[in-house]
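Structure, as structure tokens:
The values are calculated or read from the model by the stated rules, or taken from the named source; none is laboratory data. Everything quoted here is computed from the prediction, not taken from an experiment. Every residue, glycine among them, receives a Cβ derived from its backbone with ideal geometry; neighbour counts consider all protein chains shown. Areas reflect the complete protein model, heavy atoms only, side chains present, ligands, DNA and RNA absent. Shrake-Rupley method; radii C 1.70, N 1.55, O 1.52, S 1.80 Å.
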Amino acid sequence: MRSSNPVFSRRGFSRGGGYAGFDPGPQAGTAAQGNPYATNHGYAGNPYAQPTNPYAQGGPDLQQGYPQAPAQTGRMTIDDVVSRTGITLGLLVIAAGAAWALQLPVGVGFGAGLVAMVLGLIQAFKARPTPALILAYAVFEGLFLGVISQAYNTIARGAPMQAVLGTIVVFVGVLVAYRTRLIRVDQRFMRFVVAAGIGFVLLMAVNLMFAAFGGGDGLGFRSGGLGIVFGIIGVVLGAAYLALDFKQIEDGVRYGAPREESWLAAFGLTMSLVWIYTEILRIIAILNND
């Protein structure tokens, strides 16, 4: 699943496959020098800036080095992102609750997880966001989370609720840190986080392969003290991806991304939150099992 969150890198609010590749343009003047995403090629770097686009005519934002973007019908807003994210997460929670209540078998849960992964990959490589596909992903991901949450609850009573609270705390913490600029998302931050995420996923894949063929927990990266360490690393990486998501959303709104992009923002945020939740759930289970 691509939120790690290059789910955004194939879309309009990035350039060259990287994060936040918007160009503040010549009007930004010296203020643009502090913008790690700025270039000297005018508005060519902004995929939403056109000769008749009022976003290409705005003055600089003196605090951020961005051109001001007046409200325009058909453009993505924060309200769009919030509503789409609420719908996506709402479906996920409903599906998870249904899976829990029906006590679906573990095999069904993992089958749903596989379907969710496939749907996520399809959306990640599509040219445009497809709401039906994103919502279907949320339903199958929710079924998967409901089954594994119930399984972990048998190991550590109350672990799912603790993991939900932990995920909320991480989300709010990252949002506050991002808004107060304690976290500065620039090109160096993006490259490090994406590289670390790829390395983490590959290492966990190798561990899973060893577990499948050798039994037990493979290389031991998901149990005991080492499992706690890698679980914490996973949470930190998930938090970093949330910061990348926030930057993408901020740039998309500021530069007048089409309203449909709010579905992609919801998709990316949902995947980041699922990542954080599963890592916290695993940590709690390991601590209780020990």
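How many of the residues making up region 249-290 are part of a helix (DSSP H, G or I) and basic (Lys, Arg)? Steps first, please.
Step one: list which residues in region 249-290 are part of a helix (DSSP H, G or I), which gives 249-254, 261-289.
Among the residues that remain, those that are also basic (Lys, Arg) are: 254, 282.
Count: 2.
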note = Across (1) open to solvent by 60 Å² or more (accessible area, probe 1.4 Å); (2) at pLDDT 95 or above; (3) among the aliphatic types (A, V, I, L, M), Val106 clears everything bar (2)
message = Filter region 162-172 down to the residues that are under 20 Å from Lys247 (Cβ atoms) and open to solvent by 40 Å² or more (accessible area, probe 1.4 Å) and list them by number.
response = Phe171, Val172
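Do we find that Asp245 is under 22 Å from Met190 (Cα atoms), in contact (Cβ under 8 Å) with a residue 60 or more places away in the chain, surrounded by fewer than 24 Cβ atoms within 10 Å (Cβ to Cβ) and not hydroxyl-bearing (Ser, Thr, Tyr) in this structure? Before the answer, list the steps.
Working: under 22 Å from Met190 (Cα atoms): yes; in contact (Cβ under 8 Å) with a residue 60 or more places away in the chain: yes; surrounded by fewer than 24 Cβ atoms within 10 Å (Cβ to Cβ): no; not hydroxyl-bearing (Ser, Thr, Tyr): yes.
So Asp245 fails the test.
So which residues in region 196-237 are of a type in the set (Phe, Trp, Tyr) and either surrounded by 12 or more Cβ atoms within 10 Å (Cβ to Cβ) or in contact with a Pro (Cβ under 9 Å, 6 or more places away or on another chain) (or both)?
Within region 196-237, the first condition is being of a type in the set (Phe, Trp, Tyr), and the residues that meet it are 200, 210, 213, 221, 230.
Within region 196-237, Phe200, Phe210, Phe221, Phe230 qualify.
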request  = With the condition kept exactly as written, say whether any residue in region 150-161 is open to solvent by less than 70 Å² (accessible area, probe 1.4 Å) and among the polar types (S, T, N, Q).
outcome  = yes
ask   = Given (1) open to solvent by 20 Å² or more (accessible area, probe 1.4 Å); (2) over 28 Å from Arg84 (Cβ atoms), where does Ile286 come up short, assuming only one miss?
value = (1)
request  = Name every residue in region 250-270 that is under 17 Å from Arg181 (Cβ atoms) and open to solvent by less than 10 Å² (accessible area, probe 1.4 Å), in order of residue number.
outcome  = Asp251
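Looking at Ile122, Ile134, which is the one that is in contact with a helix residue (DSSP H, G or I) (Cβ under 8 Å, 6 or more places away or on another chain), open to solvent by 40 Å² or more (accessible area, probe 1.4 Å), in a helix (DSSP H, G or I) and farther than 23 Å from Arg282 by Cβ? Write out each step before concluding.
Working: Ile134 fails: open to solvent by 40 Å² or more (accessible area, probe 1.4 Å).
None of the other options fit; the residue is Ile122.
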